[in-house]
Amino acid sequence: MPSATRKTRIGMIVPSSNTCLEPQSYRILGDRDDVTIHFTRIPVTRIALDDSSDKQFDSSVMRSAAELLATADVDVIAWNGTSGSWLGADHDRSLVSEIRDATGIPATTSTLAYMEAFKSFGTERIGLFTPYTEDVNQAIVASYERDGIKTVDHRFLGLSDNESFARVTDDEMRPGSLELAVSKPDALVYLCTNLYGANVAAEIEAGTGVPVLDSVAVTLWHCLKLAGSPLLAPRWGRLLADAF
C-alpha cells in the first residue's frame, strides 16, 4: 500500500531554453529531503520587446503546462520566469488566477514572488542587474515603478538569446553588482531565472552589506512559503532565510 504521507511537491513551469533553474533549485535545497520539485517546459528562446517574444508567454500555454503538473498532485505551481517584470505584474496576477481556476492548486510566478518578497522585507529601493537588453531593463524599471518599487540604478549585459544567460560567469556579474551596491539600495535584484545570481549572493552581501534577491532563490522561497515548508539557508540570500 502507498504511504498516506509524502514530501512537499513543487511544480514549476520552465522556459524551454533555461538550463539554470532546475539544477540551481536543487542546489539551493541542498541535502533537504522534505521537498521535491517537478518541472514542465514551454517554448521560450528569446527575450525582447516585440509580439513574437510576448506570445511565448500566452496564458493558454501556461494553463496547459499547469494542468500537466497538476496530475502529479503538486502542492504549488510556479511560472518560473520573469516575463511579468516587463509585461506587468497584473499580467502575472491574471495568469495565476487562471492556473488556480484550472487546477485548484495555489500558484505564483517569479514576478509575484518578488512582489511578495518586497512586501515582506519592506523593500522599496532596488539595484537591478539583468542579462537583458537596455530596453527590456527600462520596461522593467517602469513596471516596478507602477508597483511602488523604485530602481535607484541598473545594469544590463545586452543579451536576448535566453540560452546564453546561463553562460554568464560570476566574474561577469561582480563588477556591476559592486557598482549597484554603492547607491545602498534596500536590495540588489538579480532578475532572470536563467542567471546564476545565487552563486554570488553571500559574497556580495558580505562584501557590501546589501541584501541580494536572486530570481531562482526568490521563486523557490515563495513556493516553499505557499506550501508551508521551511524556507532557505542564508547563503542564498539572507532575507530569504528561514531564521530571518
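With a probe of 1.4 Å, find how much accessible area the chain has per residue, and write the answer as a whole number in Å².
Numbers: 10010 Å² over 244 residues.
For the chain, the per-residue accessible area is 41 Å².
What residues from segment 10-28 fall in the zone where the backbone N is under 17 Å from a label point 7 Å along the Cα-to-C-beta line of THR71?
Hits in segment 10-28 for THR71 at 17 Å: 11-14.
I'd like the distance between the alpha-carbon centres of segment 68-95 and segment 97-152, rounded to an integer number of Å.
Computed from Cα coordinates, the inter-centre distance equals 12 Å.
Taking Cα atoms of the chain, Rg/Rh with Kirkwood Rh, to two decimals? All intermediate terms of the calculation are to be shown ahead of the outcome.
Values: Rg = 16.8 Å, Rh = 17.8 Å.
In the chain, Rg relative to Rh is 0.94.
Tell me, in nm to one decimal, what length is gained between ARG9 and ARG174 on full extension, where the rule is 0.36 nm per residue of separation less the Cα-Cα distance? Show your work: numbers first, answer last.
Values: separation 165, 0.36 × 165 = 59.40 nm, distance 3.39 nm.
Full-extension gain reported as 56.0 nm.
Can you list residues from other chains, or at least 5 along the same chain, whose modelled amide H is less than 5 Å from the amide H of PHE39?
MET12
Using bins 10 angstrom wide from zero, how does P(r) for segment 151-244 break down, in % of all Cα pairs?
Computed distribution, short to long bins: 16, 48, 30, 6.
Where both residues lie in the chain, what percent of DSSP beta bridges are antiparallel, nearest 5? Show your work: numbers first, answer last.
Values: 1 of 30 bridges.
Antiparallel bridges make up about 5 percent of those DSSP assigns within the chain.
Per DSSP H run of n ≥ 4, the term is -39500 (n - 2.57); total these for the chain, divide by its residue number, and report the mean residue ellipticity at 222 nm rounded to 500 deg cm²/dmol.
Details: 11 runs with 106 residues, N = 244.
Value at 222 nm, helices only, nearest 500: -12500 deg cm²/dmol.
Return the loop-located GluC sites (Glu not before Pro) in segment 95-153 (DSSP other than H, G, I, E, B) with at most 16 other Cβ atoms within 10 Å of their own Cβ; answer none if there are none.
On the way: sites: GLU98, GLU116, GLU124, GLU134, GLU145; in loops: GLU124.
Here the GluC sites (Glu not before Pro) that fit, given the DSSP loop and packing criteria, are GLU124.
With the crude spin-label approximation of a point 7 Å out along Cα→Cβ, what separation in nm comes out for TYR26 versus ARG93?
Between TYR26 and ARG93, the label points sit 3.6 nm apart.
What is the percent carbon and sulfur in the accessible area of the chain, measuring with a 1.4 Å probe over the protein chains and ignoring ligands?
Within the chain, the accessible surface is 51 percent carbon and sulfur.
Largest first and in whole Å, give the semi-axes of segment 65-180's equivalent ellipsoid, each being the square root of 5 times a Cα gyration tensor eigenvalue. Display every interim value, and only then the final one.
Working: eigenvalues 155, 61, 32 Å².
Square roots of five times the eigenvalues give 28, 18, 13 Å.
How high is the relative contact order of the chain, given as a whole-number percent (alpha carbon pairs under 8 Å, six or more residues apart)?
Working: 474 pairs, mean separation 50.6, N = 244.
Relative CO of the chain lands at 21 percent.
So if each residue of separation counts as 0.36 nm, and I subtract the Cα-Cα distance between VAL152 and SER183, what length gain in nm does that give?
Roughly 10.4 nm would be gained on extension.
The values are calculated or read from the model by the stated rules, or taken from the named source; none is laboratory data. All values derive from a computational prediction rather than experimental measurement. With ideal geometry, Cβ positions are generated from the backbone for all residues, glycine too; neighbour counts draw on all protein chains shown. Surface accessibility is based on the protein's heavy atoms, side chains included, excluding ligands, DNA and RNA. Shrake-Rupley method; radii C 1.70, N 1.55, O 1.52, S 1.80 Å.
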